[in-house]
Structures are given as structure tokens and as C-alpha cells.
């Protein structure tokens, strides 16, 4: 069976099915943004790992190595933030082919160091080896949170409010822009890419940030989300993750999805549906979370947080309510690097818990 | 500058130089078998990560995927054992090209599951993605030990005894055997490889074990090593790591290095110096450790542990004492996948702390 037939999430489902757990310290294994481990009475340890592969996750034609280093750390820190935790340490594994020089690797590490500095985390270990082709970066992050306080995907309840930080779709539009300029530059010497008026999109794609500030803000305001996930694969995909894990449905309102002006301009330019970009564009690394309904006023007043919908009973399914009041079933197209090609429809009358990709 | 000019350890030295640490919980970062993190009063957390790359670390022509899965977990567990700790959890990152099917990945995971079962550790997370070519496996292991009891590379003192578990060189000879049979099989249908009488070598290469049993044995006997490392890159390389980290020299005795009969037969067959194989053959995953001199009788009586030499003052350098009483300076050729080619001499009149590869 080809892996593309079942996609990344299908593959993970298969290989981790009935995985027995033997250590009393393991509180939550596969299936959330990070694993939860308990080694002491006060704190839980959180662990998450990510691989970034050249040609799949990044294109060195337009991604500077320093930015790549920064991003490779940040996307992992984001997984700890998505558990409402604090990242503490990272390890870095690198496989590099012979076309990379010492100076290249130093640039990559300069970005990693900068990310460690900005987020106050320590690089504590790693492994460096050769590869036959291209660059592979494996980052593992360790963090913590007060014992039993990690926010999972599974805690959302009927009537909870759905909130998202920042804005969505900009990182995806940044990728479209970079790809467009790459095509335009082909064979041209001294090519100058046209990024004027779209600097935000480029920054969102090349230098994303983990929303540790939102985690801190929620703590200051005494808000404990009932569920949380980071938006790495697109809003639709993440909403379906939460709804599947929490056994519930949801309604999100098109008009409430926060979208930056530059994102809208770029979508217009390339003739792409703006909602499609916001629902399925990946790599925003914003936090998507739910809070009890009674927190409406409190959460609505937070800077940089938007209430975009609410949780429903599971039988109502997962849908987007469009500006004209229609409901469109949510499907996970997302940013799944192994997704089957036929899964590329944005929204379709399908099962709300699309078994192929939502988990 | 080409990476091959400075090698893996040189590269790691450069990129981790002056790496500031910000988290009070970070006790030891880069430079040992595992990082040491403290989250509570009683236990320290140990973290180690490894990348295995197709074509560099393994050849799927003769490595069954299940064995590869088993080995990829075990080599990481070995790093926690090398700190005198207990492995608890692992995460697995996989990058797979399109030539791998779901069934292939299930075989790989069957080996990983088996290793988790044998060593009682939990697989708690991971990441699965595409690669453009070949298979990359990134494993991170988390373990623990009593607070401040992790055994580092840096604690060896003058007159300490040098001990090693099991025997050395067999995994390397297993690799030579597998390579020989691969060459012999080229273009032949129904080729049957000749492994009779050499089953141990094949097993040592394809299905190594982490010496958690030795860690348990030392604990039972009340023996706290002053320093420890696992033999992944070869005895010479590991001895130099300990001597550099501990600022000391060493003498090991050729006649005391434990070598299996099958290893000796194979070395004879391929015309390779047996001591070279034992000093520089990697992937044995035995434990190399030092204990105070007064423990001589106790450690000598342990099953499966051999005293092979002793630590000296640093000015005496690191040397092998041959059967005829000569001294040969130790050099780290080891199993360094990025080592410069000219570094392939076994032993040479060089600086005992070869800056290029020993760290």
C-alpha cells in the first residue's frame, strides 16, 4: 500500500495503534502537540519532535539558512506553547550533504542560536552526520507546565468559544509570493524580487514566531483554555483535530477569521479564494484554543485574540458559516506533506471526521 | 571550508562554542552522551538524540527493516545507559521517500516496538514526513537517574581502572561480512550468503543491544563509575573522549581487550589487523567506564566486565601497550562518518588529544 493512500495521519494511526505504555511517568503519548511526562509532583514535562526536509519543507533557493535555523527551532517551540507550556531545552539533529560548507552550517546555527536567545531556551544536544542528498533538520524540544495543567486537544465542550491568535493565511501567501518570484527569477542574473507592500507575508513565511506571548497573556489573565493546538497545517485541519479528540462539532464564521490586508491583496492577485487560504494555508503557528462560554467578555478583550466560533454537539459536524449564512463542511486539506492528491478540495460534503487525514 | 576538513566533532565544537545557557534546569548541555536536565529534587532527566541516514548509517540491501527499527531505538537507549541512567521514553521522526510502502514502515515500527518492549520504554511521539531520497530516522530518548548521579565522561582520575563490557570489534566484522556477501551476491539470483560460524558477527551488526544490564549490575554491586561512555565509534575514539574530558592520559593493554573468537577468525580471513578492528570498529554499544583503583577485585569479578587498562596523568598521553611491550599512541579513527580521509590511520605518533576528531 502506498503511503500516499492513507496520508501522514493515517500512517501514524496505523503504526501507533495499540501501542502499550509501560512507564508510569508517561501521561500522554502520541496524538497531541507534545507528549506529557511526569517526573515529579509539581511539574509535567512536555516533549515534541519535528523533522524538516529539504525539498519538502523548505527550498534553499529563497530561504536563507539563518532564517531556516530560526524557523526550525520556532516551529518546535510552538508545539510546547500549544500545550500551554514553557519551552526549556532543544536538541538538534542535522544530516548534511557534501555541498554544505562549515560556513553554511554556521549560518544555520546562527539562526538557531537567535531563536534560543529570543525564547530563552537552551540548545542541549544533538547529532550531526552526512546525508546523501540535501539537508535534514530534526529538532526535539523539552518544556514543562504545572502538573496536570497541560492543555490537550481533547478538552473542548459544547458551547465553548473557539479563539485564534494573530491572523491566518499570511505564511501560505508568503510561500506563494516566494514561489512566484523564484519562477520569475529563473535564468536571470541580478534578479530583484518584488516584495514591496508584501513584506509581512515574506516575514510570516520565513521568520514565524511561536506564540509564547499568548501563553503568558492567558496565564496573566487567569484564562485556562479547555483545548489548544497550534495552526501548523491550516485552520480546518486543526479544528478537526480538536473536534475529533474532544468528540464534538464546531461552527466557525467566515467573517470572523482574522486575515491581514496583505494576505487579501495577494490572494486577489493570484486569483485564490481568500477563505481557502485562511482555512488551509499552513505554517501560521498561531494558537487555536477553546474557552468556556462565560469567558466571552474576558477573552474578547484580549489584544491579538479573536473569537471565531463555538463548539457544538458532535452530531452537528464541523462547518464554516459563510458570509451569506450557508454552511460548508470543513475538510482537512491542510499542509499535509503526505496527503493524497484527491484530498486537495477545500470544503466538501464529506464526513466531518475525515478518517484519512484528521486525527 | 569543507566539513570534511574538520570532521563531525570539529564541526560540533565550532557551532556549540560559547553557547550560553539560560535555563537553571540545564545542568550539562552538549559534550556528553546525553544532556542532563534537572526538574526536581530527586531525579535528573537525561536526553539524547541520534540521526540514522540511509546510505550513510545503513544499507537496506542487507539490513531488514525490522532490525533497523530495533537498532535505531537501541543505539539511543545506549546513550542513556552511558550516563548510568535508565531510559524511559523515546520519540521517533521519520522521513521516507515514495519507494517505501505502508508495509515497509510497519516493519520498521515492529522493530521499534520490540525494542521498546525489551527495554520497557514508551514511544511517546514523533513526526512522519516525506523525503526526496531514502530514509532518515531521528530518535530522541529521555531517561533519568538519581539527582547529580549521572556519570559523565569527565570524572576519570589518575590510577582509575578502565573497564569495558562484552567484547569489541564484532559489529565491525559483521559489517565487513555483510558487505562481502553483498558484493558476492551482485547479479546473482537465489544467492545464499555464507554466514555459517559467523552468526554472532551478523547479530552484533544487525541487532545490537544497549547494556542496561550492566547499568543494573553496577547498581546492584554498589559500583559508581567515575566516568562512562558507550562504544559507538570505536574504543580508541571513546578513550580519547574520556581522557580529553577528564584531562588525563591512559594505558590500555592489547592482551586484555576482549575479542570474540568469530571476530578473530573474520579478521584473519580478510587480512585485517585484529587490534585495529577492536580499537576502531564501531557500533559495539558496549560500555566503557572507569572505577577507582581500590575497586579492582570487585570489578574484576563481575561477569562480562573486563579491566583493560588504567588512567594516567595527562602528560603521559593515551597509548595502547602492545603484547611485546611497545607503546602505540591512540588516535581516533573511529566510525566518524564525516572524518577527513587522511585520518584513517589506526595509531600514529600524533597528539594524544587529536583536535580533529577527539572531543
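Taken together, the values in this text are just the output of simple stated rules run on the coordinates, not laboratory data. Note that the structure is predicted; figures quoted are calculated from it, not measured. Methodologically, a virtual Cβ is constructed for each residue, glycine included, from the backbone with ideal geometry; neighbour enumeration extends over all protein chains shown.
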Checklist outcome for this item: Rounded to 0.05, the calculated FRET efficiency for the beta carbons of residue A:60 and residue A:117 at R₀ = 35 Å is 0.90
Checklist outcome for this item: Inter-part gap, Cα centre of region B:88-151 to Cα centre of region A:251-324, in whole angstrom, is 35
Checklist entry - Considering only DSSP beta bridges with both partners in region A:153-344, what is the antiparallel share in %, to the nearest 5? => result 85
Next on the checklist: In whole Å, what are the extents of the protein assembly as shown along the principal axes defined by its C-alpha atoms, from largest to smallest?
Outcome noted: 92, 57, 49
Checklist entry - How many angstrom separate the Cα center of region B:27-67 from the Cα center of region A:189-217? => result 33
Checklist entry - Taking the label point as lying 7 angstrom from Cα along the Cα-to-Cβ axis, what are the distances from residue A:180 to the corresponding position in the remaining copies, in ascending order and in nanometres? => result 6.3
Checklist entry - Rounded to the nearest 0.05, what FRET efficiency do residue A:268 and residue A:300 have when you use their Cβ-Cβ distance and R0 = 45 Å? => result 0.95
Next on the checklist: Counting only Cα atoms, I'd like the Rg/Rh figure for region A:31-146, Kirkwood definition for Rh.
Outcome noted: 1.01
Checklist entry - How high is the relative contact order of region A:153-344, given as a whole-number percent (alpha carbon pairs under 8 Å, six or more residues apart)? => result 39
Item to check | Label distances, nm, residue B:64 versus same residue in remaining copies, Cβ-directed 7 Å point | outcome: 5.1
Item to check | Averaged over B:42-52, number of beta-carbon atoms from partner chains that fall within 10 Å | outcome: 6
Checklist entry - By how many nm would the segment from residue A:5 to residue A:159 grow when fully extended, if each residue of separation counts as 0.36 nm and the alpha-carbon distance is taken off? => result 51.9 nm
Checklist entry - Just counting partner chain Cβ atoms within 10 Å, what average do the residues of peptide B:114-120 show around their Cβ? => result 1
Checklist entry - What percent does the relative contact order of chain B come to when contacts are Cα pairs within less than 8 Å and at least six residues apart? => result 22
Checklist entry - With r defined as the distance between the Cβ atoms of residue B:101 and residue A:315 and R0 fixed at 35 Å, what FRET efficiency is calculated, to the nearest 0.05? => result 0.45
Next on the checklist: Given an 8 Å cut-off on Cα distances and at least 6 residues of separation, report the relative contact order of region B:15-75 as a percent.
Outcome noted: 17
Item to check | Helix-derived mean residue ellipticity, 222 nm - over the protein assembly as shown, DSSP H n ≥ 4, -39500 (n - 2.57), to 500 | outcome: -10000 deg cm²/dmol
Checklist entry - Which distances, in nm and shortest first, link the residue A:321 label point to the same label point in every other copy, taking 7 Å along Cα→Cβ? => result 8.5
